[in-house]
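Okay, so here's the structure we're looking at.
The values are calculated or read from the model by the stated rules, or taken from the named source; none is laboratory data. Being a predicted model, the structure only gives us computed values, none of them experimental. With ideal geometry, Cβ positions are generated from the backbone for all residues, glycine too; neighbour counts draw on all protein chains shown. We work out accessible area using only protein heavy atoms, side chains counted, and drop any ligands, DNA or RNA first. Shrake-Rupley method; radii C 1.70, N 1.55, O 1.52, S 1.80 Å.
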Amino acid sequence: MRVEIWSDIVCPWCYIGKARFDKALAAFEHRDEVEVEFRSFELEPGRDKQDVEPVERMLTRKYGPQAAGMEERVAELARAEGLGFRVDREVGSTFDAHRLLHLARDHGVGNDLADALFDANFADARPLFTGDALPQVAAKVGLDEEDVRRVLADPTAYAEAVRREEREAADLGATGVPFFVIDRRLAVAGGQPTEVFARALERAWQESH
């Protein structure tokens with residue numbers, strides 16, 4: 001059984017939803033027969049690579065004075081799942097991160113890199129949009145740093161792969177993320193409670209067997 005997860009590494013509900021899904025999968029009787037694949041989805045696909053700002057400023061611009069309270073409520077939900085969550089992180093273009101996720105998938109560590117990027121962004125507030133943070137995080141999951149820097153230096157590397165998956169998400173009806181698709185027959189949208197993911201896994205298994 002295959003589960004595809006369309007997500008973005010700066011999306012807090014993706015971070016929380018992935019943790020809840022992982023808990024459901026860990027308790028699933030047939031978990032060893034489930035393949036999980038991270039898929040590309042940018043919350044801001046047109047964002048300039050040089051446009052990096054504190055997440056607090058971005059949220060205030062979008063939601064006004066209530067942004068701080070909204071962010072703290074999300075932080076509480078993340079911490080309830082055992083996740084680290086810092087509100088002093090930055091936000092920027094995630095296109096390069098998605099290109100590296102495709103490189104990681106080619107080397108069998110796509111999900112490992114996705115988890116590492118989530119942790120680096122939310123738990124550690126690392127600056128993933130400028131400097132050496134991306135190569136350093138990628139190296140921690142076993143990718144060759146020279147390969148990573150080669151991909152980052154070539155703006156065409158994996159670019160079409162990212163765009164193709166974003167088009168796929170639209171074709172499947174995803175209007176936001178996280179978006180979980182099981183065997184291309186059952187979809188779960190949003191950072192749902194763990195029990196919702198558990199029921200979806202059971203239902204998909206029964207329907208396919």
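What to note about this one:
- Matching residues in region 70-90 - criterion: being under 18 Å from residue 60 (Cβ atoms), over 16 Å from the mean Cα position of the chain (by Cα), charged (D, E, K, R) and outside any loop (DSSP other than H, G, I, E, B): 71, 72, 73
- Any hit, region 19-31, residues being touching an Asp or Glu at 6+ places or on another chain (Cβ under 7 Å) and open to solvent by 80 Å² or more (accessible area, probe 1.4 Å): no
- Index of the failed condition, residue 56 passing every other in (1) of a type outside the set (Gly, Ala, Ser); (2) without any contact (Cβ under 8 Å) to a residue 60 or more places away in the chain; (3) surrounded by 16 or more Cβ atoms within 10 Å (Cβ to Cβ); (4) in a loop (DSSP other than H, G, I, E, B): (4)
- In region 166-209, the residues that are more than 20 Å from the chain's Cα centre (by Cα) and of a type in the set (Lys, Arg): 185, 199, 203
- Any pair with Cβ under 7 angstrom, 6 or more apart, that starts in region 7-18 at a residue that is more than 15 Å from residue 125 (Cβ to Cβ) and touching a residue at least 24 places away in the same chain (Cβ under 8 Å) and ends at one that is small (Gly, Ala, Ser) and part of a helix (DSSP H, G or I): 16/78
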